[in-house]
Amino acid sequence: MKILKTKVARHLQAALLLCAITILFAGCRNHNIVKTRLTDKEGAVLVMEFDKKAGTATFVFEGDTILLTQDTMASGIRYSNAQYVYLEWQGHCTLCKDSLVVFDIE
């Protein structure tokens, strides 16, 4: 009986250790990366990944991978490169390519 209690105690210790490790790793998750996706009325999908610490964003739209850098704004957010501009203000999201709107959602 004593051997059985010892084995149970060891299993409980191992289970507690495993739970503690799981909680530790969950707390180490990178909170600077935000991933989301939007779908407009026509069904076009814009997949977005923002790196808040680096001030960059990676978008995937119509098969193109778009790398953008964050611009300073007084209100809303803006990311851009030489070809694309992404604006978000009060829930209205717009992606422009060469000054033409290619994705728009409110």
Filtered residues of the range 44-75 (kept if more than 15 Å from the chain's Cα centre (by Cα), farther than 16 Å from Phe103 by Cβ, in a loop (DSSP other than H, G, I, E, B) and not β-branched (Val, Ile, Thr))
Met73, Ala74, Ser75
State all residues of the range 61-106 that are of a type in the set (Val, Ile, Thr), within 21 Å of His31 (Cα to Cα) and at pLDDT 95 or above; if no residue qualifies, say none.
Thr69
When restricted to Val8, Val34, Val47, the only residue aliphatic (A, V, I, L, M), at pLDDT 95 or above and surrounded by 10 or more Cβ atoms within 10 Å (Cβ to Cβ) is Val47
Being over 18 Å from the mean Cα position of the chain (by Cα), surrounded by 12 or more Cβ atoms within 10 Å (Cβ to Cβ) and polar (S, T, N, Q): is that true of Gln90 here?
no
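The values are calculated or read from the model by the stated rules, or taken from the named source; none is laboratory data. Just so it is clear, the model here is predicted, and its values are computed rather than measured. Glycine gets a Cβ as well: all are built from the backbone with ideal geometry, and neighbour counts include every protein chain shown.
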